[in-house]
Amino acid sequence: MDDSSGSLPPSPEINEADLQAELQQLRIEHKDISDAVEALEAIGQADQLQIRRFKRRKLSLKDRIRQIEDQLTPDIIA
């Protein structure tokens, strides 16, 4: 399970290119799930349990996306 207590410094074996690739993949999956939820809701007789699972997964993806963005964004001392 991922650490949601805050952003951790990237481990030495994970470079910026790897994070960018993971970030892109997560964004695609997030969009795909959004499209699936919209389609299920549009048909009217959608499985509500499945929609809830999709939405929960979307939130998890969004959290991971933010973590990676935080790792890629340098801290700026004001």
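What share of Cα pairs, in percent, lie more than 13 angstrom apart in segment 16-72?
60
Treating only the Cβ of Lys, Arg, Asp and Glu as charged (+1, +1, -1, -1), what charge dipole size does segment 16-72 show about its Cα centre? Round to the nearest 20 debye.
For this selection, approximately 340 debye.
Check each of the GluC sites (Glu not before Pro) in segment 13-78 and keep only those in coil by DSSP with at most 15 other C-beta atoms within 10 angstrom; list them in order.
13
Values quoted throughout were computed directly from the atomic coordinates according to the rules given, and no laboratory measurement underlies them. In this text, all values refer to a predicted model and were calculated from it rather than measured experimentally. Every residue, glycine as well, gets a Cβ built from its backbone with ideal geometry; the counts of neighbours run over all protein chains shown.
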